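Just below is one structure, and these are the notes that go with it.
Throughout, read-outs are computed from the coordinates displayed, never taken from laboratory work. None of these values were measured; they are calculated from a predicted model. With ideal geometry, Cβ positions are generated from the backbone for all residues, glycine too; neighbour counts draw on all protein chains shown.
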Amino acid sequence: MIKLTYVVMLILFACLNSGCSSAPEKQYRVTKYLDLANTWMARGDRKRQEEKLDLALSNYQTSYKYANMRNDLTLMGILHLKQATIHINQNRIEQASDSIDKAKALRQYEGADILLPIKSLEAKFEYVFGKASKAESIANELSATYKNDSEKHIYYRWLSWMYSGANSLDWAEADSDLKTLKQLKSTGTLDNIEIFSFVIYYNAKWRVQEQDARAVSAIEMALQHFSELELTNRIKDCYALAVQWYEANDDKNKAAYFSMRLKELSTNIPR
C-alpha cells in the first residue's frame with residue numbers, strides 16, 4: 001500500500017512539472033515583457049503627442065528595458081528611433097545620432113527589421129540640417145515603397161510635401177487622401193491615428209497659409225479630431241490657425257474671440 005501511494009505521488013509530481021504546465025508554457029511563448037514594453041511605448045507615444053518630451057523619453061527608455069529583456073530586436077530598434085525623434089525635436093543632435101546608430105547596429109549585426117523606419121528618421125535628420133531636397137527625395141521613395149499600404153503611402157507623400165515647402169498643393173489629391181483616411185477610421189481599420197492627425201493638421205495649416213476658401217472647414221475638422229483625442233496642445237495650434245486666418249481676412253471680432261480661446265487654453269494645460 002505504501003509502495004502504491006509512493007508511485008501515485010511520483011505520477012502526480014511528473015504531471016505537475018510537465019503535462020500540467022502553465023498556459024503560456026503550453027503555447028511555448030511568454031509575453032510578459034512584451035506586454036510591458038508595449039504599454040510603456042504607448043505611454044511614450046501619448047506624451048510625445050502632448051509634446052511632453054522628457055516624459056516621453058523616460059517612457060521609451062522604460063519600454064526599451066523590457067524589450068531588451070525579451071530580446072525583441074525590432075522593437076528595440078523602433079524604440080531607439082523613437083528616442084532619436086525626441087532628441088531631434090529637442091535639438092539634441094548628438095544624442096539623436098547616437099540613437100540612430102544604435103538602431104543601425106541592431107539591423108547590421110542582428111538583422112532587426114527596421115530598414116524603412118531608419119530611412120524615415122534619416123529624412124527627418126536631413127531636413128533638420130537644411131537638406132530639404134534630400135529629405136523630400138527619401139520621403140517620396142518611402143511613399144513609393146509603401147504603395148500597397150494606403151496609410152503609409154499617404155503619410156510619406158504628405159511628409160514629402162512638408163519637406164519640399166511647396167507654395168501650392170494638389171488639393172484634389174489632398175482631398176482624396178483625407179477621404180481614404182476617414183474611411184479607414186470609420187471602419188476601424190486605421191492602424192495609426194498619428195498619421196491621420198498629421199494629415200488633418202497640415203491640411204488645415206496649408207489651407208490657411210494659401211488662403212484657401214475651405215480653410216475654415218479644415219480648421220473645424222481638425223479641432224473636432226484633436227478634441228476627441230484630448231490633445232490640448234494641438235487644439236491650441238488649431239485656434240492659432242483660426243486667429244491667423246481671421247486676422248488675414250480682416251475679421252477683427254472673430255480674431256479677437258479665437259485669441260481669447262487660445263489664451264484661455266494656454267493657462268489651463270496641465271504641466
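Magnitude of the Cβ-charge dipole of segment 38-81, K/R +1 and D/E -1, about the Cα centre, nearest 20 debye?
Magnitude of the dipole: close to 100 debye.
Please state the charge dipole magnitude for the chain, taken about the Cα centre, from unit charges on C-beta atoms (+1 on K and R, -1 on D and E), reported in debye and rounded to the nearest 20. Spell out each step's value before the answer.
Working: 36 positive and 34 negative charges, 182 e Å.
For this selection, approximately 880 debye.
Once you list every other residue whose beta carbon is under 14 Å from the beta carbon of D35, what net charge do they have if Lys and Arg are +1 and Asp and Glu are -1? It would help to have the intermediate numbers written out before the result.
Values: positive: R29, K32, R43, K65, R70; negative: D72.
Combined, the nearby Lys, Arg, Asp and Glu give +4.
Could you work out the relative contact order of the chain? I mean the mean sequence separation of Cα pairs under 8 Å and 6+ apart, divided by the number of residues, in percent. Present the calculation step by step, with values, prior to reporting the outcome.
Values: 263 pairs, mean separation 24.7, N = 271.
So the answer I get is 9 percent.
Can you tell me, using C-alpha contacts under 8 Å and at least 6 residues apart, the relative contact order of segment 24-113 as a whole percent? Don't skip to the answer; put the middle values down first.
On the way: 99 pairs, mean separation 20.9, N = 90.
The normalised contact order for segment 24-113 reaches 23 percent.
Summing -39500 (n - 2.57) over the DSSP H runs of n ≥ 4 in the chain and dividing by its residue number, what mean residue ellipticity at 222 nm do you reach, to the nearest 500 deg cm²/dmol?
Values: 14 runs with 213 residues, N = 271.
Dividing the helical sum by the residues of the chain leaves -26000 deg cm²/dmol.
Report the FRET efficiency, 1/(1 + (r/R0)^6), for E194 and Q61, where r is their Cβ-Cβ distance and R0 is 22 Å, rounded to 0.05.
Values: r = 20 Å, r/R0 = 0.92.
FRET efficiency, E194 to Q61: 0.65.
Applying the Karplus parametrisation 6.51 cos²θ - 1.76 cosθ + 1.60 with θ = phi - 60° to the phi angles of segment 107-118, what ³J(HN,Hα) value in whole Hz is obtained for each residue in order, glycine and proline being reported as x?
6, 5, 9, 10, x, 4, 7, 9, 4, 5, x, 5
Per Stokes-Einstein, at 20 °C and 1.002 mPa s, what whole-number D in µm² s⁻¹ belongs to the chain, with the Kirkwood radius over Cα pairs as the hydrodynamic radius? Intermediate values should be presented prior to the final figure.
Numbers: Rh = 21.6 Å.
For these conditions, the coefficient is 99 µm²/s.
In straight Cα distance, which lysines are under 21 Å from K236, not counting same-chain residues fewer than 8 positions off?
In chain and number order, the partners are K47, K52, K205, K252, K254, K263.
Placing +1 on the Cβ of each Lys and Arg and -1 on the Cβ of each Asp and Glu in the chain, which of Q90, Q211, A103 has its Cα farthest towards the positive end of the resulting dipole?
The one lying farthest along the dipole's positive direction is A103.
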